[in-house]
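**Q** Sharing a structure, written as structure tokens. Questions coming.
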Amino acid sequence: MVDLLLSKEEYETLRSILTIIDPVLEKKINTAKQKANEYLITLTTDELEDLAGYVAAEANHEDDIGRQKKLERLYDRVDELLEKEEWKERFERMLGEIEDEISEE
């Protein structure tokens, strides 16, 4: 599971595209935990990938430059977290392989 922490502005931007988002993902977004002026959404890596796709698609089709910039910043946030998760998964897989090799010796 991955924790996506968004500012109030980022969260509102995300909520503005809910009409194009998968209903399961939409429910997770709508039930985000609010902490002060931030919102916490817990997702699987696959859901995070899907979310990145939805945000990118909306940004690519947005005519309003200001809104497009907000969507692009949101996409960058999601993509950065996704990259961290992918590195973490690769590292954990590599550690597992090393442990397997050590136990075989």
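The values are calculated or read from the model by the stated rules, or taken from the named source; none is laboratory data. Just so you know, these numbers come straight off a predicted model, no measurement behind them. When we count neighbours, we look across all protein chains shown, and the Cβ atoms used for this are built from the backbone with ideal geometry, even at glycine.
**Q** Does any residue in region 1-17 that is within 18 Å of GLY66 (Cβ to Cβ) come within less than 8 Å, Cβ to Cβ, of a residue that is among the polar types (S, T, N, Q) six or more places away or on a different chain, and which pairs are these?
**A** If the second residue must be among the polar types (S, T, N, Q), the pairs left are SER7/ASN37; LYS8/ASN37; ARG15/ASN30.
**Q** A follow-up question, please. For ILE98, work out the one condition from (1) in a helix (DSSP H, G or I); (2) within 21 Å of ASP22 (Cβ to Cβ) it doesn't fulfil.
**A** (2)
**Q** Would you point out which residue out of TYR54, TYR39, TYR75 is part of a strand (DSSP E or B), in contact with a helix residue (DSSP H, G or I) (Cβ under 7 Å, 6 or more places away or on another chain) and of a type in the set (Ser, Thr, Tyr)?
**A** After applying the criteria, what remains is TYR39.
Every residue, every condition in (1) modelled with pLDDT of 90 or more; (2) within 22 Å of LYS8 (Cβ to Cβ); (3) more than 15 Å from the chain's Cα centre (by Cα), yes or no:
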{"site": "THR44", "(1), (2), (3)": "yes, no, no"}
{"site": "TYR54", "(1), (2), (3)": "yes, yes, no"}
{"site": "HIS61", "(1), (2), (3)": "yes, no, yes"}
{"site": "ASP64", "(1), (2), (3)": "yes, yes, yes"}
{"site": "LEU81", "(1), (2), (3)": "yes, yes, no"}
{"site": "GLU86", "(1), (2), (3)": "no, no, no"}
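**Q** Taking GLN68, is it more than 11 Å from LEU4 (Cβ to Cβ), of a type in the set (S, T, N, Q) and either at pLDDT below 95 or not in a helix (DSSP H, G or I) (or both)?
**A** no
**Q** Still on this model: Within region 20-36, which residues are touching an Asp or Glu at 6+ places or on another chain (Cβ under 9 Å) and not in a loop (DSSP other than H, G, I, E, B)?
**A** Those that are touching an Asp or Glu at 6+ places or on another chain (Cβ under 9 Å) and not in a loop (DSSP other than H, G, I, E, B): ILE20, VAL24, LEU25, LYS28.
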